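Read-outs throughout are calculated quantities, based only on the coordinates presented, and are distinct from any laboratory measurement. Only a predicted model underlies this, so the values are computations on that prediction, with no experimental measurement involved. With ideal geometry, Cβ positions are generated from the backbone for all residues, glycine too; neighbour counts draw on all protein chains shown.
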Amino acid sequence: MFECYGKKLLRVDLSTRSITEEPLKHAFIERWVGGMGFGTKLLSDEVPPTADPLGPENKLFICVGPLTGTQAPLFAQTCIVSKSPLTGGIINSYAGGHLGGAIKAAGYDVIAIEGQADDLVYLLVTPDGAQIIDCPELAGESIRATEAAVKAASGRDDLHTMAIGLAGENRVRFACVVSETRAFGRGGMGAVLGAKNLKAIGVAGIGDVAVADPAAFKDAVAAAYETFRQDLESPWGYLAMFAGAGTGAGMSLVNEKHALATRHHHLTHFEKAEEIGGPGMMEKFPTRPVACLGCQVHCSMLRSPVKTKWGEVWTRGPEYETMYSLGSLCFNGDAEMLLKANDQAEEYGMDTLSLGVSVAFAMECADRGILPRNALGGDVALEFGNADATIKLIDMIAHREGLGDTLAEGSRRASQIIGQGTDAFALQSKGMEFAAWMPERMRGIAVTFATSNRGACHKRAPIGMELMDVIPMDGIEGRAALVAEIQNKVNALFCLVACRFAEFIVPMEQFLALLNTASGLSCTEERFMRLGEGIWNLERLYNLAAGIDGSEDRLPDICFEVPEDFPEDAKPLTREDFATLLRDYYAARGWDEQGHPTSERLAALGLQT
Ligand code: SF4
């Protein structure tokens with residue numbers, strides 16, 4: 001039993017510079033399965049909900065899953081669970097690539113980081129042991145330079161890394177952590193590392209990952225590969241679309257549906273969407289698709305170096321969410337500017353979603369006369385569609401200069417600092433900036449943005465079903481219950497640390513066959529879904545104790561205004577419909593009318609109150 005686990009946690013206390021190994025108990029593994037389950041339970045037990053996210057009391061739990069490092073496809077992700085400096089609540093953040101495989105091969109299921117180093121350090125974990133290494137010379141260095149320096153100093157060519165840039169060191173609240181070509185984007189994990197003076201982590205492992213029933217596991221892997229093969233060979237395949245042009249492949253469809261948030265939600269359609277969407281990028285820039293460990297989809301688009309007016313740019317992506325946040329939302333239709341902005345975000349280490357929404361928020365403030373057009377200094381006007389303004393503001397945020405210092409606090413805090421009613425149009429929920437979807441158009445998005453434990457999150461919403469007209473975009477019947485079910489399912493799959501795209505095509509029985517044959521567990525679908533629901537409730541309890549209650553299950557006023565080009569045959573989001581959706585959601589969850597989990601529901605989920 002539990003053959004595919006390392007069954008160990010590596011605990012690193014930066015304050016005392018002590019590093020210890022702890023066994024993971026079988027009961028813990030069986031109950032929480034891995035990834036998000038491990039991280040959520042550990043954070044709930046070890047970090048007080050009132051702890052300062054940027055203080056030494058906060059911890060990061062870097063978790064892999066039972067299938068990480070096995071032959072199962074699309075399980076290369078790594079999950080970080082911590083307390084978010086952006087929302088003040090619990091956060092889980094994911095990145096693919098190769099780091100997860102290295103952590104598993106090093107023999108660990110979890111690396112726990114705690115305390116605060118007195119000077120800038122990085123953590124090195126290799127078969128020779130784990131050590132904390134001083135690196136004052138890396139202060140202010142870009143992420144690529146940092147990762148290269150850590151790899152070179154280790155003398156190993158099998159080292160995989162994650163690092164922060166200047167934004168993390170400056171505690172920009174939406175600073176991210178980049179791991180080679182992928183990013184732990186949401187929730188400010190880079191700021192948490194920065195506050196701990198931890199510049200990077202490098203891991204190399206040489207261990208094999210065993211499975212409980214090799215013959216049955218081989219069959220389960222073959223079945224999963226067949227599912228992927230069928231999708232990838234289909235002209236209508238979801239993943240085939242991403243394999244062809246990256247995650248931005250579907251931008252035209254979203255635009256046609258009038259669901260592309262444009263010019264800070266004043267519009268639903270962007271006339272330059274074709275220029276900045278996935279196929280447009282593929283036509284303009286020589287590209288090599290790259291993949292996470294063991295994945296045959298290759299959705300990640302690495303561009304050849306491109307000469308732009310801001311200098312030569314070498315970058316990966318941008319992803320769909322970036323095309324929205326720094327593109328249509330800011331009314332920018334310049335593809336080269338997007339490459340440059342994406343590169344800045346990767347080198348400074350900032351979540352492009354929160355970054356773009358914060359830039360657009362500043363442009364909206366200037367449009368309304370709340371901020372002056374010359375707020376950036378010099379002759380660069382702060383206005384929608386001004387590519388130079390976007391590039392300059394990104395620099396200012398990372399360096400925390402002038403207006404950039406305010407925006408580095410995230411849109412919610414920035415609106416509180418600026419005042420003048422700006423909170424009515426700051427695109428955030430629980431402090432987390434909106435992902436690329438419009439609550440005005442899609443009711444599933446309205447519920448998800450308002451109720452997600454990590455804020456305005458898009459990872460647990462019926463996006464495909466609404467876009468493909470499987471269900472009407474503006475229907476409310478049964479929508480809240482559907483969202484709750486998806487939240488539970490995705491939470492359970494994040495215990496396996498599955499790539500989010502796997503859920504689009506892999507049936508539940510294939511996920512369970514992979515898990516059970518690798519681990520020796522006998523997890524049923526019912527138990528698996530209850531695991532996801534239990535984690536959701538545990539997160540909710542944590543957030544409630546942190547002071548995030550039902551009054552924060554809300555959307556900003558701008559979502560109840562009608563965009564200028566709103567389709568005539570569509571229904572805008574009304575406050576009445578939203579109140580019904582929220583009531584339905586609490587009922588579907590078995591919570592009371594204030595959004596508190598009831599003791600009956602918690603008992604049914606095996607959770608203590
Ligand atoms: S589909 Fe894309 S993000 Fe997911 S594992 Fe494959 S390459 Fe990575």
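What the table below lists for this structure:
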| quantity | calculated |
| --- | --- |
| Dipole-positive endmost among PRO127, LEU74, VAL178 within segment 8-203 (Cβ charges, Cα centre) | LEU74 |
| Dipole axis of segment 8-203 (+1 Lys, Arg; -1 Asp, Glu on Cβ), positive-most option in GLY35, SER15, GLN116 | GLY35 |
| Prolate/oblate/rounded call for segment 37-185, Cα gyration tensor, a/c under 1.5 rounded | oblate |
| Stretch gain in nm, segment SER522-THR227, where the contour uses 0.36 nm per residue and the Cα spacing is subtracted | 103.9 nm |
| Inter-centroid distance (Cα atoms) of segment 562-581 relative to segment 354-420, Å | 29 |
| Electrostatic dipole magnitude of the chain [Cβ: Lys, Arg +1; Asp, Glu -1; Cα centre; debye, to 20] | 820 |
| Structure-based [θ]222 nm, the chain - -39500 (n - 2.57) summed over DSSP H runs of at least 4, per residue, nearest 500 | -11500 deg cm²/dmol |
| Counted charge near ARG373, where neighbours are those whose Cβ lies closer than 15 Å (Asp, Glu -1; Lys, Arg +1) | -3 |
| Mean Cβ count within 10 Å, highest first, over the residues of peptides 544-557, 90-103, 474-487 | 90-103, 474-487, 544-557 |
| Prolate/oblate/rounded call for the chain, Cα gyration tensor, a/c under 1.5 rounded | rounded |
| Per-q log10 I(q)/I(0), segment 503-583, q = 0.16, 0.17, 0.18 Å⁻¹ (Debye; single scatterer per alpha-carbon; no solvent) | -0.87, -0.88, -0.90 |
| Paired Rg and Dmax values of segment 443-604, which use every Cα atom, in angstrom | 16.8, 56 |
| ARG583-ASP52 pseudo-label distance in nm [points 7 Å out on the Cα-to-Cβ vector] | 4.3 |
| For segment 246-419, convex hull volume per residue from C-alpha positions, Å³ | 116 |
| Segment 8-203, relative contact order in percent, only Cα pairs under 8 angstrom and at least six apart counted | 23 |
| Cα gyration tensor, segment 495-535 - rounded (a/c under 1.5), prolate or oblate | oblate |
| Listed peptides 16-22, 601-607 by packing density, highest first (mean Cβ within 10 Å) | 601-607, 16-22 |
| Whole-number percent relative contact order across the chain, with pairs defined as alpha carbons under 8 Å at least 6 apart | 16 |
| Gained length - ALA148 relative to GLN296, 0.36 nm times residue gap less alpha-carbon distance | 50.6 nm |
| Dipole magnitude of segment 107-239, debye to nearest 20 (Cβ charges: Lys/Arg +1, Asp/Glu -1, about Cα centre) | 480 |
| Sorted peptide list for 137-148, 488-499, criterion being average Cβ within 10 angstrom, highest first | 488-499, 137-148 |
| Amide N proximity, segment 381-415 versus LYS309 label position 7 Å along Cα-to-Cβ, cut-off under 19 Å | 381-396 |
